[in-house]
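Working notes, structure below.
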């Protein structure tokens with residue numbers, strides 16, 4: 001009996017010593033990629049693919065945590081205020097630049113409160129119209145709209161989104177007067193476009209492609225500076241509107257003050273993940289392009305992007321408290 005008691009006490013002591021080791025090890029070995037969008041969207045898809053590839057390279061657990069809301073600001077604020085140990089990172093999108101001028105009071109500074117790590121992907125958009133819209137080309141569309149200012153409508157899947165800004169950039173560069181019709185999401189906007197309730201919209205290549213293939217929507221131009229293989233015969237809008245370009249982008253950031261060694265390790269892992277064939281193939285199915293960068297290149301890009309969108313936001317007059 002005494003031997004059994006000694007054995008039980010020994011096991012209890014051993015378990016007491018072992019218990020804190022498991023969660024502490026798991027915590028130190030886990031990296032969170034925080035996403036400011038719900039599961040299932042393009043940002044979430046990009047983050048989960050990157051997480052899988054980074055996990056293999058770093059030999060650490062890399063998890064995705066969704067914190068949607070406020071155009072990505074909730075997730076960004078969470079990461080900005082996290083410990084700069086490289087274990088909490090942000091996978092964000094174009095709204096990161098747009099929100100800098102769209103929101104009057106951000107709880108963080110998009111430049112000083114983050115460490116840029118790497119670009120991940122670019123997703124061009126496509127200007128689509130209802131299938132019976134009279135214009136068949138961008139020049140015809142511009143001529144029609146200018147002849148009847150305010151007559152035609154453009155659906156917006158979300159105020160302040162990159163697709164909203166693509167439409168505003170086009171109007172700003174061409175002088176077209178098109179009435180915006182806001183929706184609570186891309187799906188209802190496309191539904192009304194398919195039904196002929198609105199005339200046109202900018203849609204992500206992912207959302208537009210199935211309808212274009214079925215000839216239920218008509219594509220007039222892509223927002224990339226080059227022809228996209230997923231849209232044969234659809235010219236870049238810049239062929240008709242010189243200098244026009246508008247892509248959604250996805251990138252990886254950490255909180256400010258990441259150490260140089262941590263930053264170098266994360267950048268190398270992110271770039272390796274972006275170059276993985278599995279990631280490129282995933283993006284190709286969504287008519288997107290895998291793109292990596294150095295931290296310095298991403299920092300320079302974001303600074304210029306914030307300035308570009310500030311001009312467009314000012315043109316729209318839109319603000320969010």
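The values are calculated or read from the model by the stated rules, or taken from the named source; none is laboratory data. Note that the structure is predicted; figures quoted are calculated from it, not measured. Virtual Cβ from ideal backbone geometry, glycine too; neighbours counted across all protein chains shown.
Summary of values
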quantity	calculated
Which numbered condition residue 102 fails, given (1) more than 13 Å from the chain's Cα centre (by Cα); (2) under 24 Å from residue 290 (Cβ atoms)	(2)
Selected residue (only one of 248, 287, 264 is assigned to a helix (DSSP H, G or I) and either assigned by TED's automatic domain parsing to the domain that holds residue 91 or under 30 Å from residue 195 (Cα atoms) (or both))	264
Some residue of segment 256-265 being farther than 25 Å from residue 81 by Cβ and modelled with pLDDT of 90 or more	no
Out of 237, 289, sole residue that is in contact with a strand residue (DSSP E or B) (Cβ under 6 Å, 6 or more places away or on another chain) and either closer than 28 Å to residue 90 by Cα or surrounded by fewer than 20 Cβ atoms within 10 Å (Cβ to Cβ) (or both)	289
Tally of residues being farther than 18 Å from residue 305 by Cβ and crowded, with 20+ Cβ neighbours inside 10 Å across segment 240-255	2
Boolean, residue 216 is at pLDDT below 95 and not assigned by TED's automatic domain parsing to the domain that holds residue 115	no
Restricting segment 200-219 to residues that are surrounded by fewer than 22 Cβ atoms within 10 Å (Cβ to Cβ) and touching a residue at least 60 places away in the same chain (Cβ under 8 Å), the residue that is nearest to residue 93 (Cα to Cα)	206
Answer residue from segment 69-93, given it is at pLDDT 95 or above and part of a strand (DSSP E or B) and is surrounded by the fewest Cβ atoms within 10 Å (Cβ to Cβ) among those	88
Every residue from segment 222-242 that is on the phi > 0 side of the Ramachandran plot and modelled with pLDDT of 95 or more	none
Number of the condition not met by residue 196 [criteria: (1) within 30 Å of residue 70 (Cβ to Cβ); (2) touching a residue at least 12 places away in the same chain (Cβ under 8 Å)]	(1)
Single residue of 258, 298 found to be under 21 Å from residue 72 (Cβ atoms) and part of a loop (DSSP other than H, G, I, E, B)	258
